[in-house]
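The values are calculated or read from the model by the stated rules, or taken from the named source; none is laboratory data. Just so it is clear, the structure is predicted and the values come from calculations on it, not from any experiment. Glycine gets a Cβ as well: all are built from the backbone with ideal geometry, and neighbour counts include every protein chain shown.
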Amino acid sequence: MGQTKEPSFRQSVDLMFNRAVALMDLPPGLEEKIKVCNATYTVRFGVRLRGQIQTFTGYRSVHSEHMEPVKGGIRYSMGVNQDEVEALSALMTYKCALVEAPFGGAKGGLCIDPRQYDEHELEQITRRFAYELAKRDLIHPSQNVPAPDMGTGEREMAWIADQYARMNTTDINARACVTGKPLHGGGIAGRVEATGRGVQYALHEFFRHPEDIAQAGLQGTLDGKRVVVQGLGNVGYHAASFLAAEDGAKVIGIIERDGALVDEGGLDVEAVHNWISSHGGVTGYADATYVEDGAQVLEIDCDILIPAALEGVINLTNAANISANLIIEAANGPVTAGADEILRDKGVVIIPDLFANGGGVTVSYFEWVKNLSHIRFGRMQRRQEEARHQLVFDELDRLSSQTESDWRLSPDFKQNYLRGADELELVRSGLDDTMRAAYQSMREVWHGREDVGDLRVAAYLVAIGRVADSYRAKGL
Ligand code: GLU
């Protein structure tokens, strides 16, 4: 083991695609059209920093324009390269189709270690990158809408939005050119935690189906399930924190860049997160066992493994040693095509990335709609809803006071019933519904077809089917 050659990330995604199309009846021309990446733009630009010009390399890859705008994050990492952005943009096409976000797939990346620069330098670099992309319509509210990804967040999205607005002063929809913006810069409530929240909702839906739980060799609910999380970044942190605080899951392992923490009794996710924020890693955290070779902890016995950082972390070298029953891919592409096969043979159930991390782009979709409609969700109807509920409440109250019986409304009923939904509640409701619907569409294929044995191939079948339908509808 270990010596066997692993395909590149791009090839790995194509292998997964091929496994699905082999079960479909698409004309070969259409199959090829869907699979290929339409275009990848490479930009090299210089920024004067610390007295000298530094040259940066960035990419924006558009995988499929069957729907526009195309959508996908911008990643800041030293590992960014053409193969990676193309793989990630292909995943965006299939992900958007699966969660019914009406977008084509794209992805961007800048080859940079953001920790090496201060805030002002990062702003200069980001604005210049945004300028290069925007002047070629590779950032555009109706054509190409980026979002955060690894190494970027609200701050970078705010700079990008502002840069676009400066270049397009009369565009009334300028704010819709990018999603994941801060709430006070045109963002939407619930976007920061959306991917992590989506992972939680995905698991809720999985645990609603006893047949599926049994397939993973598990039983019961999320309560008490032993979870290992790899990467406590934005996605991993929110997923772990919601699962522990709201569902009673026990986070027994957290893997980070500099090692891992293990505690069979359950780690305090908030405390570990705070420690990482102030110390840059898990090293030195006192309330758990520290394991220097973090990758080892991927292999420990647990119920649910959540890879939430990089692609390819579960590969030919370690797949056979994975002991988890269920893997939920919060990251994009954490399991290589070769590892996927090994894990399938072992009977491990994998909830695939296309679906598992689709919560991010789902709430991005809501943000984009909010920006285009220029009004926050719930603003028109919230008080009217409350007024109607008040009517019902008053009537119930009147009736109950007239009757002789002990029939009384419970004390918090009034408050709970009256309250109209605010934007955050609406976002959560939309996200929950999306995750349930997407899971059910995969599940129908998983259990409904003899030739489909796993959720990943089911996800690809659904997604590719929808992309093919949209091409056919256009007469292509
Ligand atoms: N970068 C995220 C992803 O991989 C979000 C993309 C988006 O919101 O457009 O899904």
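Condition (residue is assigned to a loop (DSSP other than H, G, I, E, B), in contact with a strand residue (DSSP E or B) (Cβ under 6 Å, 6 or more places away or on another chain) and either among the acidic types (Asp, Glu) or buried (at least 20 other Cβ atoms within 10 Å of the Cβ) (or both)) applied to region 102-110: is it met by at least one residue?
yes
Of the residues that make up region 382-390, is at least one more than 16 Å from the ligand (Cβ to nearest atom), under 30 Å from Pro146 (Cα atoms) and not acidic (Asp, Glu)? No, because not a single residue in region 382-390 is more than 16 Å from the ligand (Cβ to nearest atom), under 30 Å from Pro146 (Cα atoms) and not acidic (Asp, Glu). Taking each residue of region 342-365 that is at pLDDT 95 or above and looking for partners that are within 16 Å of the ligand (Cβ to nearest atom) and polar (S, T, N, Q) with beta-carbon atoms closer than 6 Å, six or more apart or interchain, yields Asp353/Asn332; Asn357/Thr195; Gly359/Thr195; Gly360/Thr195; Thr362/Thr434; Ser364/Thr179.
Of the numbered criteria (1) out of contact with any Ser or Thr (no Cβ under 8 Å at 6 or more places or on another chain); (2) in a helix (DSSP H, G or I); (3) touching a residue at least 60 places away in the same chain (Cβ under 8 Å), the one Glu385 fails is (3). Number of residues in region 221-255 that are without any contact (Cβ under 8 Å) to a residue 40 or more places away in the chain and surrounded by fewer than 23 Cβ atoms within 10 Å (Cβ to Cβ): the value is 8.
The residues in region 35-57 that are assigned to a strand (DSSP E or B) and over 30 Å from Met24 (Cα atoms) can be counted, and the count is 15. Of note, Leu391 does not satisfy the criterion of being among the aliphatic types (A, V, I, L, M), surrounded by 13 or more Cβ atoms within 10 Å (Cβ to Cβ) and part of a helix (DSSP H, G or I). Just one of (1) under 21 Å from Ser373 (Cα atoms); (2) in contact (Cβ under 8 Å) with a residue 40 or more places away in the chain; (3) touching a Phe, Trp or Tyr at 6+ places or on another chain (Cβ under 8 Å); (4) within 11 Å of the ligand (Cβ to nearest atom) fails for Pro102. It is (4).
Every residue, every condition in (1) of a type in the set (Val, Ile, Thr); (2) within 25 Å of the chain's Cα centre (by Cα); (3) surrounded by 15 or more Cβ atoms within 10 Å (Cβ to Cβ), yes or no:
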| position | (1), (2), (3) |
| --- | --- |
| Ser8 | no, yes, yes |
| Ser12 | no, yes, yes |
| Pro27 | no, no, no |
| Phe56 | no, no, yes |
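If you go through region 405-424 and pick out every residue that is more than 23 Å from Thr362 (Cβ to Cβ), loosely packed, with under 15 Cβ neighbours inside 10 Å and either in contact (Cβ under 8 Å) with a residue 60 or more places away in the chain or not basic (Lys, Arg) (or both), you end up with 11.
Pairs meeting the criteria (first residue in region 136-153 and under 19 Å from His66 (Cβ atoms) and of a type outside the set (S, T, N, Q), second residue away from the ligand (no atom under 11 Å from the Cβ) and part of a strand (DSSP E or B), beta carbons under 7 Å, at least 6 apart or on different chains) are Leu138/Tyr41; Leu138/Arg60. Return a yes/no flag: does region 355-367 have any residue that is in contact with an Asp or Glu (Cβ under 6 Å, 6 or more places away or on another chain), within 16 Å of the ligand (Cβ to nearest atom) and closer than 20 Å to Met442 by Cα. Yes, region 355-367 contains at least one residue that is in contact with an Asp or Glu (Cβ under 6 Å, 6 or more places away or on another chain), within 16 Å of the ligand (Cβ to nearest atom) and closer than 20 Å to Met442 by Cα. Hey, any hits in region 14-21 for a residue that's surrounded by fewer than 17 Cβ atoms within 10 Å (Cβ to Cβ), among the aliphatic types (A, V, I, L, M) and within 23 Å of Val457 (Cβ to Cβ)? Scanning region 14-21, I find at least one residue that is surrounded by fewer than 17 Cβ atoms within 10 Å (Cβ to Cβ), among the aliphatic types (A, V, I, L, M) and within 23 Å of Val457 (Cβ to Cβ), so the answer is yes.
Within region 58-72, take every residue that is part of a loop (DSSP other than H, G, I, E, B) and within 14 Å of the ligand (Cβ to nearest atom) and give me the one that is surrounded by the most Cβ atoms within 10 Å (Cβ to Cβ). Across region 58-72, the extreme among qualifying residues is Gly72. Looking across region 75-96, the residues that are in a helix (DSSP H, G or I), of a type outside the set (D, E, K, R) and within 13 Å of the ligand (Cβ to nearest atom) come down to Val85, Ala87, Leu88, Ser89, Ala90, Leu91, Met92, Thr93, Tyr94, Cys96.
Of the residues Ser12, Ser61, only one is closer than 13 Å to Thr93 by Cβ and of a type in the set (Gly, Ala, Ser); which?
One residue alone meets the criteria, Ser61.
Residues considered: Val467, Val427. Of these, the only one that is crowded, with 16+ Cβ neighbours inside 10 Å and out of contact with any strand residue (DSSP E or B) (no Cβ under 7 Å at 6 or more places or on another chain) is Val427. Being over 21 Å from Ala165 (Cα atoms) and more than 11 Å from the ligand (Cβ to nearest atom) is the filter here, so list the residues in region 111-153 that pass it. Across region 111-153, the qualifying residues are Cys111, Ile112, Asp113, Pro114, Arg115, Gln116, Tyr117, Asp118.
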